[in-house]
1. Using only Cα atoms, what is the ratio of the radius of gyration of region 251-449 to 2.2 N^0.38 Å?
2. Quick one: which of Lys171/Lys306; Lys194/Lys250; Lys97/Lys339; Lys91/Lys306; Lys97/Lys290 span more than 29 angstrom between C-alpha atoms?
3. If the cut-off is a Cα-Cα distance under 12 Å, which aspartates and glutamates reach Lys65, setting aside same-chain residues fewer than 8 apart in sequence?
4. Only bridges whose two residues both fall in region 251-449 count here: according to DSSP, what percent of them are antiparallel, nearest 5?
5. From the square roots a ≥ b ≥ c of the eigenvalues of the alpha-carbon gyration tensor of the chain, which class results: rounded (a/c under 1.5), prolate (a/b over b/c), or oblate?
6. Given Cβ point charges of +1 (Lys, Arg) and -1 (Asp, Glu) and nothing else, what value in debye, to the nearest 20, does the dipole of the chain about its Cα centre take?
7. What does the charge count near Gly283 come to, summing +1 for each Lys or Arg and -1 for each Asp or Glu among other residues with Cβ under 12 Å from its Cβ?
8. Cross-link candidates for Lys340: which lysines have Cα within less than 16 Å, leaving aside residues fewer than 8 places away along the same chain?
Amino acid sequence: MIKNYINGALVEPVSDEYFDNYDPSTGKAYEIVPDSDERDIKLAVKAGEKASPMWSTTPAEERSKMMMRIASLIQRDLGEIARAECVDNGKPLSLAKSIDIPRAIRNFEFFASAVHGFASESHSMEDRAINYTLRNPIGVVGAISPWNLPLYLFTWKIAPALITGNCVVAKPSEITPVTANLLSELCIEAGLPKGVLNIVHGYGQKVGRAISAHPAIKAITFTGGTKTGADIAGIAAPMFKKLSLELGGKNPNIIFADCKYDEMLETTIRSSFQNQGEICLCGSRIFVEKSIYKKFKDDFVSRTKKLKVGDPLESKTDQGAIVSKQHLERILSYIELAKKEGGKILFGGRQVHLEGRCKNGWFIEPTVIEGLPYNCRTNREEIFGPVVTLIPFEAEDEVLKMANSTEYGLASIIWTENLSLAHRVAAKIQTGIVWVNCWMVRDLRTPFGGMKSSGVGREGGMDALRFFTEPRNICVKL
Ligand code: NDP
């Protein structure tokens with residue numbers, strides 16, 4: 001049974017109400033989730049405020065050791081946690097084992113060591129004065145995360161907040177709460193002082209909003225949809241809270257004819273369909289230079305046909321279940337929209353009905369669509385599923401115009417062996433992250449985040465440590 005983690009203990013929600021949590025591969029409810037509300041958030045904030053004087057003055061070295069202890073406990077239980085993530089989210093077990101949970105471990109380890117290189121600035125005014133900048137923890141901060149990479153993104157927020165001396169009130173997605181609950185248990189085992197981390201489960205409308213609105217929470221880090229981000233900003237901005245918003249995307253994947261073809265094809269299969277296309281960084285609009293369009297289309301479709309949609313627990317499965325029935329229906333409705341807008345389905349487009357254990361699960365074919373105008377709704381709105389569109393182009397300016405034509409600006413992918421072309425396009429493309437001849441290669445020291453409606457602020461490396469601290473400049477006359 002999932003419980004809230006408040007003031008160092010696993011507790012029931014004040015409401016004493018719970019709702020069902022589903023296994024998307026079977027469509028069956030298998031767990032219950034606390035239906036918490038602002039009363040639980042109040043308790044969590046109170047616990048954070050009480051722990052704050054102690055945690056904020058604990059030497060960084062000690063905080064770092066605690067993070068490493070938590071990381072090693074996740075490592076110890078990797079198999080069990082990966083299985084839990086797979087069942088809760090529908091992603092293939094192989095992916096949870098090789099990417100999601102190792103990255104959660106890495107998040108703690110990375111920030112535990114990054115803090116040692118986190119220096120504050122000093123500005124000398126010759127013989128007149130010296131300035132130095134102190135970076136103190138903010139106090140109690142909020143973290144709200146989505147369902148697509150549950151523990152991976154939850155820890156990406158929690159680890160930098162904790163290492164900089166803040167106490168945290170965090171809410172995982174109510175659709176995928178299980179691994180956050182396992183993390184609560186590991187934090188207790190690791191001996192994390194009570195109140196330092198508080199995890200409150202429940203609906204965004206109740207728990208998420210209560211985090212946004214609580215006056216004692218001075219900073220919020222959020223990853224999720226653009227509309228939700230706007231809602232949070234609408235509440236938090238007039239209260240002058242610090243905000244880091246990592247939002248949606250509609251990422252272009254631009255393929256020039258001179259690219260290393262085989263490598264591009266393999267990576268493009270991944271960047272289109274990994275995690276059922278439920279990664280904010282997936283390249284959902286594939287722009288292909290006209291001279292190789294036909295060849296690419298044939299090869300890409302034939303490679304897509306080979307992807308095995310199946311039971312996420314099976315090792316041969318490439319594509320697991322869609323996270324919820326509601327999301328499955330949303331993706332299918334976008335496929336219908338694509339048809340109405342004149343799109344031709346080259347492959348996929350339908351729900352998959354499996355046999356046996358997963359017969360009532362929520363599966364969908366990887367879907368490839370062509371023939372749509374670059375500026376139609378299908379090509380502008382985020383689908384967040386295994387659906388890509390193919391769009392031919394002839395000239396560099398033309399593809400840049402099309403790639404930059406959405407409200408989003410999260411990530412892009414460029415395939416070419418022409419160095420100056422790669423640099424030119426990378427400089428003009430309006431996304432916070434640009435990958436050239438690769439995808440999802442991540443150095444945790446780099447600034448991560450989106451432009452335009454894809455977000456505000458950057459996370460990762462020093463950007464995250466700066467976000468979670470309040471700079472104070474001290475000027476001393478000499
Ligand atoms: P949502 O925006 O629906 O939800 C994200 C989190 O916010 C959940 O915990 C949710 O709770 C909570 N929430 C919902 N409504 C509110 C509210 N009014 N106030 C405060 N919190 C609220 O996103 P999804 O979970 O559907 O995730 C998919 C989205 O996340 C996609 O748009 C994707 O692009 C984006 N994303 C962005 C990434 C990035 O780095 N830029 C990375 C990964 C995903 P509940 O689950 O209860 O609704």
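Every number here is computed from the coordinates shown, using simple stated rules; none is lab data. Please read these numbers as outputs of a predicted model, since none were measured by experiment. Heads up, the Cβs are rebuilt from the backbone with ideal geometry, glycines too, and the neighbour counts pull from every protein chain shown.
1. Normalised Cα radius of gyration, region 251-449: 1.00.
2. Beyond 29 Å between Cα atoms: Lys171/Lys306; Lys194/Lys250; Lys97/Lys339; Lys97/Lys290.
3. Leaving aside aspartates and glutamates fewer than 8 places away in the same chain, those within reach of Lys65 are Glu109.
4. If I count the DSSP bridges inside region 251-449, around 20 percent turn out antiparallel.
5. Oblate shape, in that a/c is at least 1.5 and b/c is the bigger or equal ratio.
6. Using Cβ point charges on Lys, Arg, Asp and Glu, the chain gives about 460 debye.
7. +3
8. Straight-line reach from Lys340, under 16 Å: no lysines qualify.
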